[in-house]
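The values are calculated or read from the model by the stated rules, or taken from the named source; none is laboratory data. Note that the coordinates shown come from a computational prediction; the quantities given were computed from them, not determined experimentally. Because the Cβ atoms are built from the backbone with ideal geometry, glycine has one as well, and the counts that use them run over all protein chains shown.
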Amino acid sequence: MTTIYSARWVLPLSAPPIEDAAVAVAGQQVVGVGPRAEIVSTLPQFRVESFGEAVILPGLVNTHTHLELTALRGYLEAEERDFFAWLRKLTVARLERMTPDDIRVSATWGACEAARAGITCVGDASDSAMMSMQALHDVGLRGVVYQESFGPDVRLVSENFEKLKNKLQELRGVETELVRAGVSPHAPYTVCGPQLKLIAELATSEKVPLMMHAAESEAEELLLREGCGAFAEGLARREIEWQAPGVSTIQYLKQLGVLNTQPLLAHCIRVDDADIETLRETGAKVAHCPKSNAKLGHGRAPFAKFIEAGIAVGLGSDSVASNNTCDILEEARFAALLARAGGGEVGSESALRAATFGNALTEGAQADLAVVSLSGVHQVPNYDPVATLIFASSGRDVILTVVAGREVYRDGRVTMVDEDRLRARMHEISKRLRHG
Ligand SMILES: [Zn+2]
């Protein structure tokens, strides 16, 4: 496929916005970015597609989600003020009330939602990583699926670790150019220190990425610093021994060697200046999930400070059970507004950089891009395409999503799966969860 996509604006991100511009794609790659007239005249054999009043940008990246939980959108509204109860109800639904096929359908539906919102790459943490990898593959998205590991009990470390190693081996066997496997020790309150240490070593020796939840809640901070609170009580009820390290989550993860893996850490709300310095020094990356954090009442991560410190920070929807949408443009708007409400300075360009997490439209890059209409009533007039994109647009304005040169969403349809069949299955699953 050789196509020139043109629009009123192209945002390469590696260079300033270009007006009346175009992006040429051949096979999986970008082969030209520049003024439309120039691109069209140098590549006369390419098919030209014009989107008019729209913007072409590098594909959006959802750095932290759980696609398999898409069926739980809106399912936990009553438990949101009690994180412990929220996690419990979620775990029971996920493990006891959803069949393997429900999980697969749920993840695929989530991947469709992502493709529709211009998201080309997903960081997905999953208990059934095989299903999520399949879902991304089916919908045509790029991504890393991190196999989750749980285990707060030191007596079960070797058993739990073996389980993870075996699963990872299987996942590596089905990796594709677009979909890779990683590991995810769930969180400091669900995985004990020795197991965290082993998983960090595994990530290093196997050269796979590591993602985990970190510094998300007050309950987590209390558990680590003082050994009390809801999580401590939960462990005590299960007769699981816990010694509080007496430090912040970030320092704890540093002590255990987790930060040697340059992990992707979701949330990072409860961090002080020393923690931010540690994140910077170790090259850890942050998945900032402002809407999920706000909805669960966990607070606000210091997004502006992360940017200022030069930490690689991306945006994550987290699961739609706590958001309730997978929409990175909406997340970017919320992130910028929330940072400003807290006195931080986050411009629309910084928000866009976080939303695209290092992606850029340059010659030779993988052709991952999104086209966003700028002609909606809510977007006109448009004095600055980046500001209009961040502050007046959402994923619902996306008209085309391309991953590695393939159109995965266009003309209102996800191209590679049957959304009508999936929608019917989602209705079935939710009916069963509601009444069952
Ligand atoms: Zn999460």
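Summary of values
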{"read-out": "Number of the exception - VAL403 against (1) within 20 Å of VAL139 (Cα to Cα); (2) free of Cβ contacts under 8 Å to residues at least 12 places away in the same chain", "value": "(2)"}
{"read-out": "Unmet requirement for ILE56, which otherwise passes all of (1) modelled with pLDDT of 95 or more; (2) aliphatic (A, V, I, L, M); (3) touching a helix residue (DSSP H, G or I) at 6+ places or on another chain (Cβ under 6 Å)", "value": "(3)"}
{"read-out": "The range 366-382, residues that are hydrophobic (A, V, I, L, M, F, W, C) and either crowded, with 19+ Cβ neighbours inside 10 Å or within 17 Å of GLU19 (Cβ to Cβ) (or both)", "value": "ALA367, LEU369, ALA370, VAL371, VAL372, LEU374, VAL380"}
{"read-out": "Conditions (1) assigned to a loop (DSSP other than H, G, I, E, B); (2) in contact (Cβ under 8 Å) with a residue 12 or more places away in the chain: number failed by GLU239", "value": "(2)"}
{"read-out": "Qualifying residue in the range 335-358 (condition: of a type in the set (S, T, N, Q), more than 16 Å from the ligand (Cβ to nearest atom) and buried (at least 24 other Cβ atoms within 10 Å of the Cβ))", "value": "yes"}
{"read-out": "Residues being in contact (Cβ under 8 Å) with a residue 60 or more places away in the chain and in a strand (DSSP E or B) - total across the range 21-36", "value": "8"}
{"read-out": "Failed condition for ILE269, given (1) touching a residue at least 40 places away in the same chain (Cβ under 8 Å); (2) crowded, with 18+ Cβ neighbours inside 10 Å; (3) in a helix (DSSP H, G or I)", "value": "(3)"}
{"read-out": "Residue among ARG73, ARG8, ARG47 that is of a type in the set (Lys, Arg) and within 24 Å of GLY143 (Cβ to Cβ)", "value": "ARG73"}
{"read-out": "Which listed residue, of GLY182, GLY118, GLY123, GLY140, is under 26 Å from LEU352 (Cα atoms), crowded, with 20+ Cβ neighbours inside 10 Å and in contact with a Lys or Arg (Cβ under 6 Å, 6 or more places away or on another chain)", "value": "GLY140"}
{"read-out": "Yes/no for THR120 being among the polar types (S, T, N, Q), at pLDDT below 95 and closer than 26 Å to ALA294 by Cβ", "value": "no"}
{"read-out": "Residue match in the range 163-183 (condition: within 19 Å of the chain's Cα centre (by Cα), more than 27 Å from GLN28 (Cα to Cα) and at pLDDT 95 or above)", "value": "yes"}
{"read-out": "Some residue of the range 234-241 being of a type in the set (A, V, I, L, M), more than 16 Å from the ligand (Cβ to nearest atom) and surrounded by 21 or more Cβ atoms within 10 Å (Cβ to Cβ)", "value": "no"}
{"read-out": "Residues located in the range 263-283, provided they are of a type in the set (A, V, I, L, M, F, W, C) and within 16 Å of the ligand (Cβ to nearest atom)", "value": "LEU264, LEU265, ALA266, CYS268, ILE269"}
{"read-out": "Identity of the residue in the range 310-322, in contact (Cβ under 8 Å) with a residue 40 or more places away in the chain and in a loop (DSSP other than H, G, I, E, B), that ends up nearest to the ligand (Cβ to nearest atom)", "value": "ASP318"}
{"read-out": "Checking VAL247 against (1) within 18 Å of the chain's Cα centre (by Cα); (2) of a type in the set (Val, Ile, Thr); (3) more than 16 Å from the ligand (Cβ to nearest atom), the condition it does not meet", "value": "(1)"}
{"read-out": "Meets criteria (modelled with pLDDT of 95 or more, surrounded by fewer than 24 Cβ atoms within 10 Å (Cβ to Cβ) and not small (Gly, Ala, Ser)) for GLU330", "value": "yes"}
{"read-out": "Criterion violated by GLY297 - all others in (1) away from the ligand (no atom under 14 Å from the Cβ); (2) part of a helix (DSSP H, G or I); (3) among the small types (Gly, Ala, Ser) satisfied", "value": "(2)"}
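Residues checked against (1) aromatic (Phe, Trp, Tyr); (2) surrounded by 21 or more Cβ atoms within 10 Å (Cβ to Cβ); (3) within 16 Å of the ligand (Cβ to nearest atom):
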{"site": "THR3", "(1), (2), (3)": "no, no, no"}
{"site": "PRO16", "(1), (2), (3)": "no, no, no"}
{"site": "ALA37", "(1), (2), (3)": "no, no, no"}
{"site": "ARG47", "(1), (2), (3)": "no, no, no"}
{"site": "ILE56", "(1), (2), (3)": "no, yes, no"}
{"site": "VAL61", "(1), (2), (3)": "no, yes, yes"}
{"site": "GLU68", "(1), (2), (3)": "no, yes, yes"}
{"site": "GLY74", "(1), (2), (3)": "no, no, no"}
{"site": "PHE84", "(1), (2), (3)": "yes, no, yes"}
